[in-house]
1. Which percent of the accessible heavy-atom area of the chain goes to carbon and sulfur, probe 1.4 angstrom?
2. Starting from the residue with the highest accessible area, list THR39, THR19 in decreasing order, probe 1.4 Å.
3. Please list LEU53, LEU136 from largest to smallest accessible area, probe radius 1.4 Å, with all protein chains kept in place.
4. Could you order peptides 102-115, 248-261 by the average number of other Cβ atoms within 10 Å of their residues, highest first?
5. Considering only the other residues whose Cβ falls under 14 Å of the Cβ of LEU201, what net charge follows from Lys and Arg at +1 and Asp and Glu at -1?
6. Ordering PHE81, PHE238, PHE98 from largest to smallest accessible area (1.4 angstrom probe), what's the sequence?
7. Got a number for the accessible area of MET173? Probe 1.4 Å, square angstrom, nearest 10.
8. Helix check for the chain. Which DSSP H runs span at least 24 Å along their own axis by Cα, with a mean Kyte-Doolittle hydropathy no less than 1.0?
Amino acid sequence: MKRITEGKRWKLKESKRGTLAVFVALRAAIIICMCRQLTLANYHGVLLCIASLLVMAIPAMLHSTLRIRLPTGLEIAIDVFVFAAEILGEIANFYGQFPFWDTMLHTINSFLAAAIGFGIIDLLNTHAKGIKMSPLFVALVSFCFSMTVGVVWEFMEFGADQLTRSDAQKDWMIEEISSVALNPAGENDPILVDGIASTVLYDAQGNELLVIEGGYLDIGLIDTMKDLLVNMAGAVVFSVLGYLYIAHRDKYRFAGHFRIVQDTGGQ
């Protein structure tokens with residue numbers, strides 16, 4: 001029995017060392033990246049690095065102020081997501097190099113947001129006096145929390161694009177459009193234009209500004225709707241897993257790894 005206990009302690013110690021190594025490595029990589037952005041005078045990249053470090057510090061602040069401790073797996077997943085989205089996606093331009101990068105991150109984000117929503121409501125369900133919510137209600141709140149985060153994120157992308165002329169809502173090339181604005185009679189009857197091979201842009205004086213080859217440039221709408229759809233998919237998946245965990249804790253334990261714990265001892 002003593003050997004088993006020592007073995008478990010050794011595995012726990014190794015697990016903590018591995019977790020600490022991941023935390024340190026990610027933060028060190030961000031600091032190195034921030035120093036490089038400074039040398040390149042890319043202050044937007046510097047701000048992204050600072051914002052990433054601040055987001056990664058939120059779990060520690062929650063633990064010190066509210067005595068709320070995120071599970072290690074969830075905290076690592078959040079840190080890796082932040083690094084993949086801001087450092088790899090924005091600064092290293094993975095969004096431009098890999099078409100699937102944005103979709104993958106939005107799917108993961110919806111899953112993590114649903115996990116956080118589930119953890120918060122399960123924490124209240126477990127510790128708050130007089131509150132006992134059904135598994136279906138907890139799953140519904142988890143889903144709604146994830147979708148709300150997804151919508152707010154799209155608002156932020158739209159706001160950034162409008163204020164700073166960035167392109168967070170990535171544009172898509174399309175070969176057909178259908179719009180009532182093209183109806184010459186002004187009727188509520190859409191006019192379909194298909195087979196678009198290129199688009200020519202002119203200024204107010206009739207001077208040609210740019211020729212867009214490949215079709216018509218959709219400005220953000222398709223990207224936004226695609227992001228919300230994959231957000232819904234990730235939210236549904238975790239909400240179902242959360243429901244199964246609460247209804248059958250002894251059988252479906254996956255969502256239990258994302259439970260948020262209130263550290264009563266403050267340690």
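The values are calculated or read from the model by the stated rules, or taken from the named source; none is laboratory data. None of the values given here were measured: they were computed from a predicted structure. Note: ideal-geometry Cβ built from the backbone for every residue, glycine included; neighbour counts use all protein chains shown. When the accessible area is computed, the model is the full protein with side chains, heavy atoms only, and any ligands, DNA or RNA have been set aside. Shrake-Rupley method; radii C 1.70, N 1.55, O 1.52, S 1.80 Å.
1. Whole-percent figure for carbon plus sulfur exposure: 66.
2. Sorted by accessible area, descending: THR39, THR19.
3. Accessible-area ranking of LEU53, LEU136, largest first: LEU136, LEU53.
4. Numbers: 102-115: 21.9, 248-261: 14.7.
Going from most to least packed, we get 102-115, 248-261.
5. Taking every Cβ under 14 Å from that of LEU201, the sum is -4.
6. On the way: PHE81 40, PHE238 0, PHE98 75 Å².
My answer, sorted largest first, is PHE98, PHE81, PHE238.
7. Accessible area, nearest 10 Å²: 90 Å².
8. Numbers: long enough: 2-39 (55 Å, 0.04); 101-127 (39 Å, 0.78); 135-164 (43 Å, 1.20); 221-247 (39 Å, 1.39).
Both cut-offs are met by 135-164, 221-247.
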